[in-house]
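Novice: Structure below; questions to follow.
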Amino acid sequence: MMPEAAGREFDVVVIGAGAVGENVADRVVQGGLTAVLVEAELVGGECSYWACMPSKALLRPGTALHGAQTTPGAKEAVTRTLDAAAVLERRNYFTSNWQDDSQVSWVEDTGIALVRGHGWLTGPKTVEVAGLDGTQHLLRARHAVVLATGSTPTTPPIEGLEDVQVWGTREATSASEVPERLTVLGGGVAGAELAQAFARLGSSVTLVARSGLLGNFPEEASALVAAGLRADGVELRLHTATERISRNDDGTLTVSLGGGATVTSENVLVSTGRHPALEGLGLESVGIEPGESGHLTLSTDASGLVRETPGDEPWLYAVGDAAGKNLFTHQGKYEARATGDAIAARAKGDLKGSPSDWSRYAQTANQHAVPSVVFTDPELASVGRTLQAARKDGYNASSVELPIQVAGSSLHSENYEGWAQLVVDEDRKVLLGATFAGPDVAELLHAATIAVVGEVPMERLWHAVPSYPTISEVWLRLLEKYGL
Ligand SMILES: Cc1cc2nc3c(=O)[nH]c(=O)nc-3n(C[C@H](O)[C@H](O)[C@H](O)COP(=O)(O)OP(=O)(O)OC[C@H]3O[C@@H](n4cnc5c(N)ncnc54)[C@H](O)[C@@H]3O)c2cc1C
């Protein structure tokens, strides 16, 4: 039931009830404050309905099937291909059929107020909401307004794109049918994952990327994912610009690439990045103007406080995709916990000024230990700095890398191929980062995250013995290669 919120005052007003907004509101309520969430679409946001959950639900059956197909003894029992209808049905289950009742119940049970509508700032600590039911609401914040509005797909400058109907990641993750042919524009995480998901569901997929595939990861790791996509029949057109897109008489779409090449398909998925969703939020009413070029971005401190906040009081915060630091649900929720706790502490006078590094009010891991997983098959899992990033940041960094060839990997599946890398700060002899690529490596990542966050000395890591025979034994091989 929607609470009556017109002209009401809350300690904290949170605009956006995605995973991140929900977590901020939860933390401030746990800290003894009142909070209201303003949501224009579904409570739970992008991750629950159009991003993490449906994309992983689409990928998992293909990974499970491939796992069986590459395990002698099991593979003989596998006689059929994926049941696309059953996969889509399972995906529907994981998105609760795009109904947010259970998330709304959680909000209510947690003691958070909810206003359904589009919200924007009209002045310091004041938010107006155009309710979805036509009502207007004025919300005043005693302590803080938090922007948790997520991100928006960035439209690439492709001639003809505005005149045709293409898929964004929303349409792809909520598709009710599998197209015969699909062209994916973009070689980032979402492009790679969805290309493989649809290839395994039966589409003939071409992925076009202006630069390489998964260019933010070490080349050896991205190459394994590229090989996995090619093995599934995905045609990779890398380092290739898309010049034009046009609709044919039969309804298909033709993408024109450089050099006269074309790709024709029933659907085109445009997945070429996202930017913080800050437009229409009334930021100009508090003196924050869009930058000269590109999209509006905000700079936030370690507690999520917007640096440009007008006045002497800390009251305007941005978290999650809206803050534009790390566009992951887990990292946004981490920011939310720190920010929610900082707001509650400041309200009680327990926190003055900026929080210290690694305190519960600071998002320190954002600088040192952001984990990310690409849920393709093989998977790619990475945390902290790559060697290149470490050196760019001024560290005296070295690295060790190895193919993953341990008893655990050979038992896992036939012809297991993987790659692992540790990046070490030679001055302090601690881990700065780690990358793993290979089937089912995602679960290896948290050990690395703990080692990076804990700044565990390499000599102490030597005593972290991996169980035999697990894929984690690659840690031992890497430490041996490092010289321990
Ligand atoms: C295809 C895809 C797959 C992904 N997979 C993963 C994954 O596996 N793991 C992972 O960690 N991350 C993944 N991500 C990223 C992840 O989805 C985002 O980082 C996460 O959703 C950000 O959460 P958020 O709460 O900041 O924003 P959102 O989830 O976008 O929530 C913002 C909410 O604010 C609302 N809103 C916006 N403006 C207003 C307004 N003015 N008034 C009221 N409401 C408003 C929106 O309706 C929305 O519900 C994926 C992204 C994509 C696109």
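Novice: Looking at the range 109-256 only, what percent of DSSP beta bridges run antiparallel? Nearest 5 please.
Specialist: Of the beta bridges lying entirely in the range 109-256, close to 60 percent run antiparallel.
Novice: Right, next: With n ≥ 4 as the cut-off for DSSP H runs, can you work out [θ] at 222 nm for the chain, using -39500 (n - 2.57) per run divided by the number of residues, rounded to the nearest 500?
Specialist: Result for the chain, helices only: -9000 deg cm²/dmol.
Novice: Still on this structure, I have one more. Modelled label-to-label distance, residue 484 and residue 450, 7 Å Cα→beta-carbon offset: nm?
Specialist: 1.4 nm
Novice: Under a point spin-label approximation (7 Å from Cα along Cα-to-Cβ), what is the residue 82-residue 261 distance to one decimal in nm?
Specialist: Each label point lies 7 Å from its Cα, and together they span 2.4 nm.
Novice: If we count every other residue with Cβ under 10 angstrom of residue 313's Cβ, Lys/Arg +1 and Asp/Glu -1, where does the sum land?
Specialist: Every neighbour counted, the sum reads +1.
Novice: If you take every DSSP beta bridge fully contained in the chain, what fraction is antiparallel? Give it as a percent rounded to 5.
Specialist: In the chain, approximately 60 percent of DSSP beta bridges are antiparallel ones.
Novice: Once you charge only the Cβ atoms, +1 for Lys and Arg and -1 for Asp and Glu, what is the size of the charge dipole of the chain about its Cα centre, to the nearest 20 debye?
Specialist: Dipole magnitude for the chain comes out near 800 debye.
Novice: Magnitude of the Cβ-charge dipole of the range 58-171, K/R +1 and D/E -1, about the Cα centre, nearest 20 debye?
Specialist: 420 debye
Novice: Could you give the dipole magnitude of the range 1-91 about its Cα centre, charging the beta-carbon of Lys and Arg +1 and that of Asp and Glu -1, in debye to the nearest 20?
Specialist: Using only the charged Cβ atoms, the result is roughly 600 debye.
Novice: A follow-up question, please. Report the calculated FRET efficiency for residue 252 and residue 468 (r = Cβ-Cβ distance, R0 = 45 Å), to the nearest 0.05.
Specialist: 0.25
Novice: Taking a virtual spin label 7 Å from the Cα of residue 459 along the C-beta vector, which residues in the range 430-449 bring their backbone nitrogen under 19 Å of it?
Specialist: From the range 430-449, the list is 430-432.
Novice: To continue, here is another question. Calculate the spin-label point distance for residue 312 paired with residue 99, positioning each point 7 Å from the Cα along the beta-carbon direction, and give it in nanometres.
Specialist: Result: 5.3 nm between the two label points.
Novice: Please order 352, 56, 333 by the number of other Cβ within 10 Å, starting at the fewest.
Specialist: Exposure proxy ranking, most exposed first: 352, 56, 333.
Novice: Here's another thing I want to ask about it. At 0.36 nm per residue, minus the direct Cα-Cα distance, what do residue 417 and residue 360 gain on full extension? Give it in nm, one decimal, please.
Specialist: 16.6 nm
Novice: Can you give the relative contact order of the chain as a percent, counting alpha carbon pairs under 8 Å and 6+ residues apart?
Specialist: Relative contact order of the chain: 15 percent.
Novice: Assuming 1.306 mPa s and 10 °C, estimate D for the chain with Stokes-Einstein, Rh taken as the Kirkwood radius over Cα pairs, in µm²/s.
Specialist: The Stokes-Einstein estimate is 66 µm²/s.
Novice: I've got another one for you. Report the extension gain between residue 350 and residue 393 in nm, rounded to one decimal, defined as 0.36 nm multiplied by the number of residues separating them, less their alpha carbon distance.
Specialist: 12.2 nm
Novice: When every alpha-carbon pair in the range 261-351 is counted, what percent end up more than 22 Å apart?
Specialist: Value for the range 261-351: 41 percent of Cα pairs lie more than 22 Å apart.
Novice: Is the shape of the range 84-179 best called rounded, prolate or oblate, per the rule: a/c under 1.5 gives rounded, else a/b larger than b/c gives prolate, else oblate, with a ≥ b ≥ c the square roots of the Cα gyration tensor eigenvalues?
Specialist: oblate
Novice: Once the dipole of the chain is set up with Lys and Arg at +1 and Asp and Glu at -1 on Cβ about the Cα centre, which of 74, 34, 139 lies farthest towards its positive end?
Specialist: The listed residue farthest towards the positive side: 74.
Novice: Separate question: State which entries of 75/481; 352/429; 325/429; 429/481; 56/392 exceed 23 angstrom in Cα-Cα distance in the structure shown.
Specialist: Beyond 23 Å between Cα atoms: 75/481; 352/429; 325/429; 56/392.
Novice: Hydropathy first: keep DSSP H helices in the chain averaging at least 0.0 on Kyte-Doolittle, then drop any whose Cα extent along the axis falls short of 24 Å, and list what survives.
Specialist: Membrane-span-like by this rule: 52-69.
Novice: Would you work out which of 482, 47, 224 lies farthest towards the positive end of the dipole of the chain? Charges go on Cβ: Lys and Arg +1, Asp and Glu -1.
Specialist: Result: 482, furthest along the dipole toward the positive end.
Each reported figure results from applying straightforward, stated rules to the coordinates on display, with no laboratory input. Since the structure is predicted, the reported quantities are computational estimates derived from the model, not experimental observations. Heads up, the Cβs are rebuilt from the backbone with ideal geometry, glycines too, and the neighbour counts pull from every protein chain shown.
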